[in-house]
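Participant: I have a structure here, written as structure tokens, and I will follow up with some questions on it.
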Amino acid sequence: MTPMNLKPKSTTQTLPSNDAARLLVRETLRISADLASSSSSAAAEPSSAVSAVAESAGLRPSAAANLGLIDEQFVGSSLRLICCEEVDGRRWKYFAENGRGRGGSKQFKNGSIRAVSLHSPQAPVEELMSFIRSYVVPEGFPDTVASSYVPYMTWRALKHFFGGAMGVFTTKTLLSSVGVSKNRATPGAVAINWILKDGAGRIGKMLYSRQGKKFDYDLKQLRFAGDLLMELGAGVELATSVVPHLFLPLACAANVAKNVGAVTSTSTRTPIYKAFAKGENIGDVTAKGECVGNIADLLGTGFSIMMAKRNPSLVTTFALLSCGYLLSSYHEVKSVVLRTLNRARLAVAIDSFLKTGRVPTLQEGNMMESIFNFPWSKERPVVLGSRFKDAFQDPYSYLGIEPIFEKERYVVTYNSSKGNIYALLKDQAKSDDILKAAFHAHVLLHILRSSPQCRSLPSKHEEVDQIMPFTDLEAHIAESYKMVSALYGPFKSKATEQGWVMSESLLNPGRARLCDAN
């Protein structure tokens, strides 16, 4: 192999800058090491090449070592490339020093492995940012999480910042109201009141935990409702400063509200993080998300402590912090992109499909989902899995449409006195039957709203002046059945193409089922 000529062409060449020298030395060391490892006969001395390059750059080998390009132990030694390594985009090459064994055989010296970095040292700011990222973002970010992770964590951090700031003022107010700062109560009474307050909150938390599956059905709505309760509890706590003699009942009520909000936040946390995790990294995503929340909480606490020294108005402070907290909470839940269909997202998808022929994307469907449609709201035009007595006023209304649904595992009808569409499920109904029943109910709702006789469905709180004739209702139900037979398959296919999970749904179908009378 022809040796490389590493001597400079001209001794009068202008000396390069340190950056150029670093690059030149590094690349030459790489080429020399590759040549050395390609053949045992050519395993000469890369260090001589390094020295030559250092001289060509106007640097002595010792000066090159001082720049951090070459370990001082490399200078004047005989090295051979062993392997190359990459960590997070940064590369190293490992060399070992040649030695002589017995009989002149070639061996490596023990403990002679040396690492050569193929990148420039990071600036202190970059090192700091890398350290912070290791705590606040999952490994492999952004490839290991969904695209909605960043906006969600941004709004979550803001919410915790305002929450931490609010906590300082509420705690200060509670301590003042209970008599700690003014010595209006003995330490024993203070302790008893505080324990009773916390005990009431824990009881409320246990009672609310029985909601169970509802935290999955209406995750976003309950999450936002929980944050509303948190702010309501904070407002009640601040009110104890106005009526300190009512500290115990007010503090107990506030703590119940805040603990219910805490249960909601805890119960909905895992499904949200699961939606962000692309692989089996939900633990990492959860840990980093909680770290971001704690950091923001500490920052908010520190900010609030500094503000509290100026004795600001509690009303103004509460109003500003509450607005920031609730605004951040709203955008936090709106930024979550879930793949499953609950009632709100299904209504958005079906409405778009019936009007435009297309199913909205995951991003569009989640953005159009109403956050203020709380699960306990009775103002819902479609009731899924309802009781028989709620759906039918007389036996003829049921017997008239029963043959239409003979082959289905559900029955759909409209109760004109209540202004609602009811979907009743049979005892054989499976997950797909429940989804089809909900789809059929929305199709019937679409037909009735488009009908000249039913331009606007009456609310259950309004007087019903004109009730739709029974014969017309039966005809509309038969028409809806034909539409469902033709459209349900294409709807599922298009929804699957958009990324919606159709194998399972979160429609909360109730527990009532129609069974065989025999």
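Participant: Could you compute the FRET efficiency for Arg133 and Ser241, with r as their C-beta to C-beta distance and R0 at 30 Å, rounded to 0.05?
Facilitator: Computed FRET efficiency for Arg133 and Ser241: 0.10.
Participant: If one computes the Cα centroid of segment 228-268 and of segment 387-447, what distance in Å separates the two points?
Facilitator: If you average the Cα positions of each part, the centres end up 42 Å apart.
Participant: What are the ³J(HN,Hα) values, in whole Hz, obtained from phi via the Karplus relation 6.51 cos²θ - 1.76 cosθ + 1.60 with θ = phi - 60°, for each residue of segment 254-271 in sequence order, with x given for Gly and Pro?
Facilitator: Per-residue couplings from phi come out as 5, 5, 4, 4, 5, 6, 5, x, 5, 4, 4, 4, 5, 6, 9, 5, 5, x Hz.
Participant: Moving to a separate point now. Expressed in nm to one decimal, what extension gain is obtained for the pair Glu290 and Thr361 from 0.36 nm per residue of sequence separation less their Cα-Cα distance?
Facilitator: 22.7 nm
Participant: Still on this model: With the crude spin-label approximation of a point 7 Å out along Cα→Cβ, what separation in nm comes out for Glu126 versus Glu406?
Facilitator: Placing both labels 7 Å beyond Cα along the Cβ direction yields 7.6 nm.
Participant: Amide H of Tyr410 versus every other amide H placed in the peptide plane: which residues, excluding those fewer than 5 positions away on the same chain, fall under 5 Å?
Facilitator: Lys426
Participant: Under 15 Å from the 7 Å Cα→Cβ point of Met483, by amide nitrogen: which residues of segment 344-358?
Facilitator: Zone members listed by number: 347-358.
Participant: Let me ask something else. Near the amide H of Val382, under 5 Å away, which other amide H atoms are found, from residues 5 or more places off or on another chain, if H is placed in the peptide plane?
Facilitator: Residues meeting the criterion, in which the H sits 1.01 Å from N, are Ile421.
Participant: Length gain on complete extension for the stretch Met307 to Cys83, per 0.36 nm per residue less the alpha carbon to alpha carbon distance? Provide the component values of the computation, followed by the final result.
Facilitator: Working: separation 224, 0.36 × 224 = 80.64 nm, distance 5.73 nm.
My answer for the length gained is 74.9 nm.
Participant: Sticking with this structure for a sec: Once you have the Cα-Cα distance between Phe141 and Asp390, take 0.36 nm times their residue separation minus that, and quote the gain in nm to one decimal.
Facilitator: Stretched fully, the Phe141-Asp390 segment lengthens by 84.5 nm.
Participant: Distance cut-off 26 Å, Cα to Cα: go down the list Lys214/Lys436; Lys288/Lys334; Lys172/Lys220; Lys220/Lys494; Lys278/Lys430; Lys334/Lys418 and report the pairs above it.
Facilitator: Lys172/Lys220; Lys278/Lys430; Lys334/Lys418
Participant: May I pose another question? Efficiency by 1/(1 + (r/R0)^6): what FRET value for Val150 and Glu497, r their Cβ-Cβ distance, R0 = 30 Å, to the nearest 0.05?
Facilitator: 0.70
A short reminder: the numbers here are calculations on the coordinates, not readings from a lab. These numbers were taken from a predicted model, which means no experiment stands behind them. All Cβ positions, even for glycine, are placed from backbone atoms using ideal geometry, and neighbour counts span all protein chains on display.
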